[in-house]
1. Give segment A:144-167 a look and list any residue that's facing another protein chain (nearest Cβ under 8 Å) and part of a loop (DSSP other than H, G, I, E, B), or say none.
2. Check every one of the helices (runs of 4 or more DSSP H) wholly within segment A:168-287 and list those with 1 or more residues that are among the basic types (Lys, Arg) and over 23 Å from residue A:298 (Cα atoms).
3. I'd like to know if segment A:127-143 contains one or more residues that are within 14 Å of chain B (Cβ to nearest Cβ), touching a residue at least 12 places away in the same chain (Cβ under 8 Å) and assigned to a loop (DSSP other than H, G, I, E, B).
4. If you check residue A:106 against the conditions, is it more than 27 Å from residue B:136 (Cβ to Cβ), in contact with a helix residue (DSSP H, G or I) (Cβ under 6 Å, 6 or more places away or on another chain), surrounded by 15 or more Cβ atoms within 10 Å (Cβ to Cβ) and aromatic (Phe, Trp, Tyr)?
5. Among the residues of segment B:225-243, count how many are over 19 Å from residue A:146 (Cα atoms) and either buried (at least 24 other Cβ atoms within 10 Å of the Cβ) or away from chain A (no Cβ under 13 Å) (or both).
6. Might you let me know whether segment B:262-273 holds any residue that is β-branched (Val, Ile, Thr) and within 17 Å of residue A:264 (Cα to Cα)?
7. Answer yes if at least one residue in segment A:277-292 is of a type in the set (Val, Ile, Thr) and free of Cβ contacts under 8 Å to residues at least 60 places away in the same chain, and no otherwise.
8. Based on what the data block shows, is residue A:256 within 12 Å of another protein chain (Cβ to nearest Cβ) and in contact with a Gly (Cβ under 6 Å, 6 or more places away or on another chain)?
Amino acid sequence: MVGYIVRRLIQSVIVLFGVTIVVFVLLHLIPGGEARALLGPKATQADIIAFNRELGLDKPLPVQYFTWLNNILHGNLGYSYRFNAPVAQLIGTDLPKTLVLMGASYLVALIVAIPLGILQGVRHNKFDDYTLTAFSFLFYSMPPYWLGLVLILIFSVQLQWLPPTAPQGNLGQASFDSQLVAGLALPVITLALITIAQFSRYQRSAVMDSLVQDHVRTARSKGLTSMQTLGRHVLRNSLIPLLTLLGVSLPALFAGALLTESIFNYPGMGLLFWQAAQSSDYPTLLATTLIVSVATLAGSLLADIMYAIVDPRIRYS
Amino acid sequence: MSSTPLPQTQLETAAIHTKSKGSFRLVAEAFLADRLGIVGMVFLMFMVLFCFVGPLVYHTNQINANITNLHLPPGSPGHILGTDQDGYDLLGRLMVGGQTALIIGFLAAFLATMFGAIWGAFAGYYGGIVDSVMMRVVDTMLAIPSLFLTLFLAAVVTITSQDLIFIVALVAWLIPSRLIRGEALSLKSREYVQAVRMMGGSSFRAIFLHIIPNTIGTIMVNASFQIADAILLVAALGYLGLGVPPPATNWGDMLASGTNFILAGYWWLIYFPGAAIVLTVVAFNFVGDALRSALEQRIK
């Protein structure tokens, strides 16, 4: 298994290297480039040449790429034009806020989705399963930006129970922490509802799969109650697919977080990315995309490794 | 390949023809027995009629803004669903926006599935180093979450509807290519593919006439999910302000402008376009799901 993990690691590093090339090339395919985006349409050709020379943007693309890569490996993510601050510093304050949002949503999603999935698996193809299936289809197809807006209309505008904006400022500041629970309620519900729909689907089919296994039948026939069988034999085995899903669903969660942050104006990394995209802030765009990609790769790598550890039947040669 | 004796070719095509017809009927019967699939199919037909035939019946001005009629609530005289922030009739706006959403979604999914299928079929058929390189390209692109990649591209070019199709297709071809590669891996060792090779048929012939046609089930199922995803992605880009230039619109752009008035309580600007997106996406997912289980039953 160690060999398998090492191979997966090497593979991930190669893919990560590929990601840096793709992202870098795509960004530099754009006509005009950073100089035009930053200096505006009134800049003269001379201004642009001077700007490019100063930042080393007149060098050949491969040279620029390796300079950029070298900087990143040394922890220098570049300097944001739009926010006038080092990108590493921006991400350092914004990423934890995104992680709080995503972590809370994951937690809520798991707490709701596991019992829901078990219920559906046990009662599969009965009326309650059909009803829940219809709902999970509905939420799964529901884009976070719309779900968030509907929740704002209901809970902020109509009922006036919860604020429509997320906490502002940074973690640790009084203005942020005091608003944390109330302000994050709607964003977390938005992101969690969509995740629940997906997780409970998987949990349902995993439960259905393990219900027909021999050891479950044995457990039932030796006299365990259905609750005991569910807890000891079905639940434990059905958690394996969910474990994998946790890692694999990371990119979707990042995308969901981006949209959720833009709805509720939550100053996390998604909002940072969006603002950078609107103002062609290349260094910030490159760095955030890279971080999200690293997280995605790490998520699927971890999922594979956990899968290999948890399920001893799987042997990799 | 022209050296293949004629009668044999006819026999071969005849055999394939009757087989595919028989299995087609089986799949169609299984599909028709699936209630959710039928609901989805009927709804999609309604949606296409609504968006493309609707404007011929229900005439509204969707070119010129009308600032004397802003934000009329649903039920106002002459405007069943009310008007939006530019005074456009909302029902008519939903039709126009739906045209863009459906066309972009369909074309992007079509382009992506075609390209993905060819890419995957080549990788799976050739195997070895070709397969590794081609699939690492897919892995690399998949490692960048699609919303980030598309937003990244959409932000730096000025968008037209054609650009949107290509931008969405650029991320949508990856999943089909993986699926088709998996199928091509097993199909290439089948007798009929081996036979084509033995008779001197080229790799191209084997891939385009034998492998890809035999993955048509997977392609169809995946295409219906891809359309749903493409509609969602285009709407997301529209919501984030990267939509089609006015007076054109799509459901996501409509939501984006409605958001500005959410605290004023103009719920109709949010509920109707959003419901259009969700119901269409659910319908495509129902159809895809029904197709998938219909095809699985055929295999059993």
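1. A:164
2. Details: elements: A:174-177, A:180-211, A:214-221, A:226-229, A:235-248, A:250-264, A:269-278.
Here the list reads A:180-211, A:214-221, A:235-248.
3. For segment A:127-143, residues within 14 Å of chain B (Cβ to nearest Cβ), touching a residue at least 12 places away in the same chain (Cβ under 8 Å) and assigned to a loop (DSSP other than H, G, I, E, B): present.
4. Values: more than 27 Å from residue B:136 (Cβ to Cβ): yes; in contact with a helix residue (DSSP H, G or I) (Cβ under 6 Å, 6 or more places away or on another chain): no; surrounded by 15 or more Cβ atoms within 10 Å (Cβ to Cβ): yes; aromatic (Phe, Trp, Tyr): yes.
No; evaluated as a whole, the condition is false for this residue.
5. 1
6. The first filter runs over segment B:262-273 and keeps only residues β-branched (Val, Ile, Thr), leaving B:262, B:270.
Checking the rest, the ones that are also within 17 Å of residue A:264 (Cα to Cα) come to B:262, B:270.
Yes.
7. Keep residues of segment A:277-292 that are of a type in the set (Val, Ile, Thr), which gives A:284, A:288-289, A:291-292.
Next, from what is left, pick out any that are free of Cβ contacts under 8 Å to residues at least 60 places away in the same chain: A:292.
Yes, the conditions are met somewhere in segment A:277-292.
8. Details: within 12 Å of another protein chain (Cβ to nearest Cβ): yes; in contact with a Gly (Cβ under 6 Å, 6 or more places away or on another chain): no.
No; evaluated as a whole, the condition is false for this residue.
The values are calculated or read from the model by the stated rules, or taken from the named source; none is laboratory data. Computed from a prediction, not measured in an experiment: that's the story for all the values here. Because the Cβ atoms are built from the backbone with ideal geometry, glycine has one as well, and the counts that use them run over all protein chains shown.
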